[in-house]
Amino acid sequence: MKKNIIFLFTFCICMTGPGSISIGQQLERLSYNNPGLLVDLGVGLWAWPLPMDYNDNGLTDMVVVCTDKPYNGVYFFENSGDMDPETDLPVFLPSIRLGDAVNNASISYVNGEPVVTTPGRVYPDFKKTAFDNPVSLPAPEGRDLYPGDSRIRANQWKLFDYNGNNVQDLMVGIGLWGERNAKNSKYYGWDDAYNENGQWTNGPLRGYIYLLENTGSTDNPVYDDPRQLVNTDGAPVEVYGRPSPNFADFTGDGKIDLICGEFRDGFTFFKNVGTSSNPLYAPGRPLTYGDTEIRMDLCMITPVAYDFTGNGWPDLVVGDEDGRVALVEHTGEVTDGMPVFLPPRYFRQQADDVKFGALATPVGADWNGNGLDDIMVGNTAGHIAFIENLGGNPVKWAAPKLLEAGGEVIRIMAGPNGSIQGPAEAKWGYTTLTVADWNHNGLPDLIVNSIWGKVIWYENTGTLTSPQLAAAQAIEVEWEGEVPKPAWNWWNPKGNALVTQWRTTPVAVDWTGNGLTDLVMLDHEGYLALFRREKRGDETVLLPGERIFRLEGEDGPLRLNDRRAGGSGRRKIYVADLDGDGRPDLLLNSENANFLRNIGEEEGFVIFRDKGPVDERSISGHSSSPSTIDLEGDGIRELLIGAEDGFLYYRDNPYLKPDE
């Protein structure tokens, strides 16, 4: 490898200048530092909303439970009383953490008062102590509702007077993924069950509702054995996983209907064609607005029936997978026996910490040519955003702006068969990216991988100060023989396309120092490989990957993931000379990020020494995503890491002095 390596991102070894901000020596969240800015209200991955007047001032606040890492907690967003002119919804203040989270939190409204429950427990003083003082409910746990060694992924308990006798019964929504030991299961199971035509050979997710009738009193409940709800056809009341049952009079006829969410993004309405004291539900129909089904932006939704607008009709307050919360407003109209709701509008808050969806994958780079490092970032939804550096000290950030390519907003999604883990993940995209001049015309382009494992690039056809992206193009390799792909992919690459494992970063960098942008990334079998660029006449070609990297003390090439199918890929990588010794190092996702120091070459291999995590703070969750950024504008690049919660974390670079 040549010594005069050219880096896409270069470190300048210099002292911090006068008046610069103080960069901490521990990972901390990046703040917008932008008073007056409004952004989507959000917690980390998975939002379980509990709308209530938390501070008893007559305004509905938003309490949101988040069970991810590192953002786990119960968060209070106070209703400011001001209206957002863009959404015509209240603006909420930045969140205040109330305590630790508990899984499967639900809210019921008993005599108009909020009652918070989790499986087997109720929290009568939730406003004072959050989840600290539970009271047990005399009812079986979720696994007893569906016996056997079952994969239960949702277990949602609500109090509700089901039969109109003024006694609160217990309603439980169960999300079932399958029998662990079942052969030829009719259930979803998990992972790698497509045939050669891309058809899912397992069953769907199952979402069932159970009634535990209270034969005692509300204060001293005695619950009967669970009874599964069925519809007028005798079939179970069922949706596609995670049912989030909501009982209310949605049609204004005095009878209690049912609306369920699901694991993905839609809503199902079950009309009560029975009576108030003996409900009977018709087969479900999807909620629509006009001729279009109402769907959330993402998946793993958690709707709560609550009259947010105060007009007497139950709206839906809905948590989304990426931590946002939306209002699906009841119009007060009923058409053909169906309540009419408006499409989702996402609540907004006064900006606090910088966030972009969930599993954020940031890269620090000057995108608009003004000499300031911006942030380009992907997420689970399959979007890519530009977060503009507005300057200042500390740096002021704009709200994330979704990028377009070819005149359309970039959104890569799995669809029915793009995720190896099955069709339940249809709306995920898992974009991860690098900013680099791929076609060597002086403009930064985007090189992107995703849930598909297809490595693509978006050409910048604009200018240095006004970038514009063309539609995606496949990155092609001068393969020798059969085009490789992960062994579990049911589909084959087109032409000479570069296909690798899913959700892993394609790092575009001039590794060889010849002025051409190479790729350093996982190959189709999980080895870290160098894909070299070379000139052939007037053309630049990309050569097949070479496994030239090795970890100190090991014999074979560096394999960053030896698992298959859904366990494959997932490695987030960044390349830069972190210690200033003239050799490119690696950052790899870990509990935050591990520093792999390049200690030279041996027998044709580049040898890395794993120096361990860059920080004591764990922010991992699913997967962290490391990068660097020059926050102070002084040429010294700080560490920037995206986390599962969608927030961005930064600290100083502790490796500027190489080891002796």
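The values are calculated or read from the model by the stated rules, or taken from the named source; none is laboratory data. None of the values given here were measured: they were computed from a predicted structure. Heads up, the Cβs are rebuilt from the backbone with ideal geometry, glycines too, and the neighbour counts pull from every protein chain shown. Each accessible area value is taken on the protein alone, full model and side chains, heavy atoms only, with ligands, DNA and RNA left out. Shrake-Rupley method; radii C 1.70, N 1.55, O 1.52, S 1.80 Å.
Looking only at residues of region 490-515 that are open to solvent by less than 20 Å² (accessible area, probe 1.4 Å) and of a type in the set (A, V, I, L, M, F, W, C), we find that the one that is farthest from the chain's Cα centre (by Cα) is W511. Here A101 fulfils each of the conditions (1) touching a Ser or Thr at 6+ places or on another chain (Cβ under 6 Å); (2) open to solvent by less than 40 Å² (accessible area, probe 1.4 Å); (3) over 30 Å from Y188 (Cα atoms) apart from (3).
What residue, among those in region 27-50 that are assigned to a loop (DSSP other than H, G, I, E, B) and open to solvent by 40 Å² or more (accessible area, probe 1.4 Å), is nearest to A381 (Cα to Cα)? It would help to see each step written out before you state the result.
Initially, region 27-50 is screened for residues assigned to a loop (DSSP other than H, G, I, E, B), giving 27, 30, 32-37, 41, 43-47.
Narrowing the set further to residues that are open to solvent by 40 Å² or more (accessible area, probe 1.4 Å) leaves 33, 35-36, 46.
Numbers: N33: 26, P35: 27, G36: 27, W46: 13 Å.
By that ranking, first place goes to W46.
Out of the residues in region 467-489 that are exposed (fewer than 15 other Cβ atoms within 10 Å of the Cβ), in contact (Cβ under 8 Å) with a residue 24 or more places away in the chain and farther than 27 Å from L588 by Cβ, state the one that is farthest from the chain's Cα centre (by Cα). Looking at the filtered set, the residue picked out is E480.
Given the structure, is E459 open to solvent by 10 Å² or more (accessible area, probe 1.4 Å), in contact with an Asp or Glu (Cβ under 6 Å, 6 or more places away or on another chain) and closer than 23 Å to P626 by Cα? So E459 does not fit the description; no.
With the condition being over 19 Å from A436 (Cα atoms) and not hydroxyl-bearing (S, T, Y), I'd like the strands (runs of 3 or more DSSP E) fully within region 512-594 carrying at least 3 qualifying residues.
Values: elements: 518-522, 528-531, 533-536, 539-542, 549-551, 573-576, 585-589.
In region 512-594, 549-551 are the strands (runs of 3 or more DSSP E) which contain 3 or more residues that are over 19 Å from A436 (Cα atoms) and not hydroxyl-bearing (S, T, Y).
Restricting to region 241-267, name every residue that is of a type in the set (D, E) and crowded, with 21+ Cβ neighbours inside 10 Å. First the steps, then the outcome.
Residues of region 241-267 that are of a type in the set (D, E), as a first pass: 249, 253, 257, 262, 265.
Correct list: D257, E262, D265.
Residue check: is R295 open to solvent by 20 Å² or more (accessible area, probe 1.4 Å), among the charged types (D, E, K, R) and under 25 Å from E113 (Cα atoms)? No.
Just one of the listed residues (V135, V167) is buried (at least 16 other Cβ atoms within 10 Å of the Cβ), farther than 28 Å from R264 by Cβ, of a type in the set (A, V, I, L, M, F, W, C) and at pLDDT 95 or above, namely V167.
Screening L8 with (1) at pLDDT 95 or above; (2) buried (at least 20 other Cβ atoms within 10 Å of the Cβ) gives one miss only, at (1).
Out of the residues in region 621-660 meeting the condition of being polar (S, T, N, Q) and closer than 17 Å to D579 by Cβ, tell me which one is surrounded by the fewest Cβ atoms within 10 Å (Cβ to Cβ).
If we filter region 621-660 for residues that are polar (S, T, N, Q), which is where we start, we get 623-625, 627-628, 653.
Of the ones still in play, those that are also closer than 17 Å to D579 by Cβ are 627-628, 653.
Details: S627: 31, T628: 24, N653: 18.
This residue is N653.
For beta carbons closer than 8 Å, sequence separation of 6+ or different chains, a first residue in region 584-612 that is closer than 22 Å to Q26 by Cα and among the aromatic types (F, W, Y) and a second that is open to solvent by less than 50 Å² (accessible area, probe 1.4 Å) and modelled with pLDDT of 95 or more, the qualifying pairs are F595/L578; F595/D585; F595/L586; F595/L587; F595/G612; F595/V614. Only a single item in (1) more than 19 Å from M521 (Cα to Cα); (2) in contact with a Leu (Cβ under 6 Å, 6 or more places away or on another chain); (3) without any contact (Cβ under 8 Å) to a residue 24 or more places away in the chain is not met by E546, and it is number (1). You will find that of T288, T309, T335, T302, the residue that is closer than 18 Å to K158 by Cβ and either under 24 Å from the mean Cα position of the chain (by Cα) or at pLDDT 95 or above (or both) is T302 and no other.
Quickly run through region 11-60 and pick out the residues that are at pLDDT 95 or above, within 27 Å of P654 (Cα to Cα) and not charged (D, E, K, R).
So the first thing to find is which residues in region 11-60 are at pLDDT 95 or above, and the list is 27-60.
When the remaining residues are screened for being within 27 Å of P654 (Cα to Cα), the result is 27-33.
Scanning region 11-60 gives L27, L30, S31, Y32, N33.
Considering only region 533-577, how many residues are surrounded by 18 or more Cβ atoms within 10 Å (Cβ to Cβ), basic (K, R) and more than 27 Å from the chain's Cα centre (by Cα)? Of the residues in region 533-577, 2 are surrounded by 18 or more Cβ atoms within 10 Å (Cβ to Cβ), basic (K, R) and more than 27 Å from the chain's Cα centre (by Cα).
Give region 374-394 a look and list any residue that's part of a loop (DSSP other than H, G, I, E, B) and either out of contact with any strand residue (DSSP E or B) (no Cβ under 9 Å at 6 or more places or on another chain) or buried (at least 23 other Cβ atoms within 10 Å of the Cβ) (or both), or say none. Walk me through it before giving the result.
Residues of region 374-394 that are part of a loop (DSSP other than H, G, I, E, B), as a first pass: 379-383, 388, 390-394.
Listed by number, the residues that qualify are N379, T380, A381, G382, G391, G392, N393.
Annotation: of all residues in region 212-240 being in contact with a Gly (Cβ under 9 Å, 6 or more places away or on another chain) and more than 27 Å from T335 (Cα to Cα), the one that is surrounded by the most Cβ atoms within 10 Å (Cβ to Cβ) is Y223. All told, G453 meets the bar of being touching a Ser or Thr at 6+ places or on another chain (Cβ under 7 Å), at positive phi and buried (at least 16 other Cβ atoms within 10 Å of the Cβ).
With respect to (1) over 26 Å from D61 (Cβ atoms); (2) in contact with a Leu (Cβ under 7 Å, 6 or more places away or on another chain); (3) surrounded by fewer than 21 Cβ atoms within 10 Å (Cβ to Cβ), the lone exception for T331 is condition (1).
For V135, the conditions (1) free of Cβ contacts under 8 Å to residues at least 24 places away in the same chain; (2) touching a Lys or Arg at 6+ places or on another chain (Cβ under 6 Å); (3) hydrophobic (A, V, I, L, M, F, W, C) all hold with the exception of (2).
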